[in-house]
Amino acid sequence: MNTILSIDTSCDETSVAITSGLTVLSNVIASQVELHKEYGGVFPTVAKQAHKENIDKTIRLALKRAKLTIDQIDAIAVTQGPGLAPALEIGINKAKQLTQENNKPLIAVNHIEGHVLSPLAQRNSKTKSHKKRPVITAEAGMTLGKILSIIVSGGHTQFVKINKIGDYQILGHTIDDAAGEALDKVGRMLDLGYPAGPILEEFARLGNPKRFDFALPMTGSGDYNLSFSGLKTQARNLLEKLEAKTTLSKQDIYDFSASFQYATFRHICHKLNKILQEENFSQIWLGGGVAANTELRRMIRETISQHYNDQTRKGLNISKAKLMTPYDKKLCGDNAVMIGIVAYFKLQRNEVMADMETLDRKPRWEI
Ligand code: KG4
Ligand code: ZN
């Protein structure tokens, strides 16, 4: 009971994957970015229509790439939430149809749990030669050591303590915008296109992150929560002031991108450091669309190292946390592989949907 066909239609990617245990057999993502560019954001009814048009082809292609037929699939998994209700509906209805027609178990998955477990996905070593990376093996219920997950995406930004697989505790979360949302909005102010996050990363490489100063939010809040909407307002005000004085040069835009990105990630790292002061973790798992950002990864590694060095200097004997990211940047953003990973553990725990008639969307489902 290991081969799972998974569907994720939570937002603007129609994604279908086939996994065997933790191994990825295929991962097909039909992106709607081109469609939503026009609106500068995801338009739910447009997303629904595109999912409807893409879902069957995406399933066929995922099976073809995995060299399997639907009869060889043991279970169907689908994202139940959180996400856009009209978009979720398409994936759920298709999963129900496949389940009924082929008499397979149906597993409903939380999309955020998918991002949390995304670093567990393993490349199919038969299909590609690749650099050796540490593989995390896990079974449902096994003790994994102390793990902190950081999810940074367009819809969520949160710190999640993994007590064990399936048992999570949110230590802190954004109280307004998500980090990716803030990067996208500020990128839009700079006319960088959509989604702006990856373009902002490219521009930031060419700029000076220290040129513009942003005050970090919630530094004295005493909790691990985050807030990005104030940073975004600072960016808007600063930009208006600059534009009133002069037309921005290319270098100004590079510097602005670098400075805003730096502030966004510094805020996350500041709260991460606060968490590490309280509790030691052996591993830190990073997931979500913004986890693809190289600078974010570097700054998190630096935060971990600094904390470790400080503790060692004080004579404390702690182990240095390892940062684990998905093996491919494609697995940071929305994808169905991560849904298959969660479903695999649910199957092991026998958490299969008994009555699929009751399965409905949960657009605001918390992990
Ligand atoms: O996880 P995801 O695909 O969708 C959600 O569940 O939200 O995340 C999408 C977000 C967008 O805000 C996008 O701009 C951001 O991830 N993103 C990036 C990068 N790649 C994607 N942000 C910064 N740097 C990147 N390289
Ligand atoms: Zn997501």
Rounded to whole angstrom, the alpha-carbon centroid of segment 49-106 lies from that of segment 280-335 at a distance of 33
Between the Cα axis of helix 85-102 and the main Cα principal axis of the chain, the angle (0 to 90°, nearest 10) is 20
From DSSP H assignment alone, runs of 4+ in the chain each adding -39500 (n - 2.57), the sum over residues rounded to the nearest 500 puts [θ] at 222 nm at -13500 deg cm²/dmol
Of the convex hull drawn through the C-alpha atoms of segment 155-238, the volume per residue in Å³ is 125
Helix 196-205: inclination vs the chain longest Cα principal axis, degrees, rounded to 10, gives 50
Probe 1.4 Å, all chains present, heavy atoms only: D223 accessible area in Å², nearest 10, is 50
Listed by chain and number, the aspartates and glutamates with an alpha carbon less than 19 angstrom from that of K245, same-chain partners under 8 positions apart left out, are D191, D213, D255
Each label sits 7 Å from Cα toward the beta-carbon; between N309 and T358 the label points are separated, in nm, by 5.4
The set of residues whose placed amide H lies less than 5 Å from the amide H of Q32, leaving out same-chain residues fewer than 5 positions away, is T14
Links exceeding 20 Å between C-alpha atoms in this model, out of K146/K329; K164/K346; K57/K94; K232/K271, come to K146/K329
Sorted by chain and number, the residues with a modelled amide H under 5 Å from that of S149, at a separation of 5 or more or across chains, are V160, K161, I162, W285
Filtering GluC sites (Glu not before Pro) in segment 214-302 by DSSP loop and by at most 12 other Cβ atoms within 10 Å leaves E279
So, for the Cα atoms of segment 4-134, Rg and Dmax in Å stand at 14.9, 43
Ordering S15, S249 by the accessible surface of their heavy atoms, 1.4 Å probe, largest first, yields S249, S15
Mean-square fluctuation maximum in Gaussian network of the chain, Cα pairs under 10 Å, restricted to G145, G21, G220, hits G220
Using alpha-carbon coordinates alone, the radius of gyration and Dmax of the chain in Å work out to 20.9, 67
Candidates A204, A108, A77; GNM for the chain (alpha-carbon contacts under 10 Å) flags as most fluctuating A204
Tilt, helix 337-348 to longest principal axis of the chain (alpha-carbon atoms), in degrees rounded to tens, equals 50
Filtered hits (lysines, Cα-Cα < 20 Å from K314, offset >= 8 within chain) -> K274
At q = 0.15 1/Å the base-10 log of I(q)/I(0) from the Debye formula over the alpha-carbon atoms of segment 219-367 is -1.03
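The values are calculated or read from the model by the stated rules, or taken from the named source; none is laboratory data. Just so it is clear, the model here is predicted, and its values are computed rather than measured. Positions of Cβ are backbone-derived with ideal geometry, glycine not excepted, and every protein chain shown enters the neighbour counts. We work out accessible area using only protein heavy atoms, side chains counted, and drop any ligands, DNA or RNA first. Shrake-Rupley method; radii C 1.70, N 1.55, O 1.52, S 1.80 Å.
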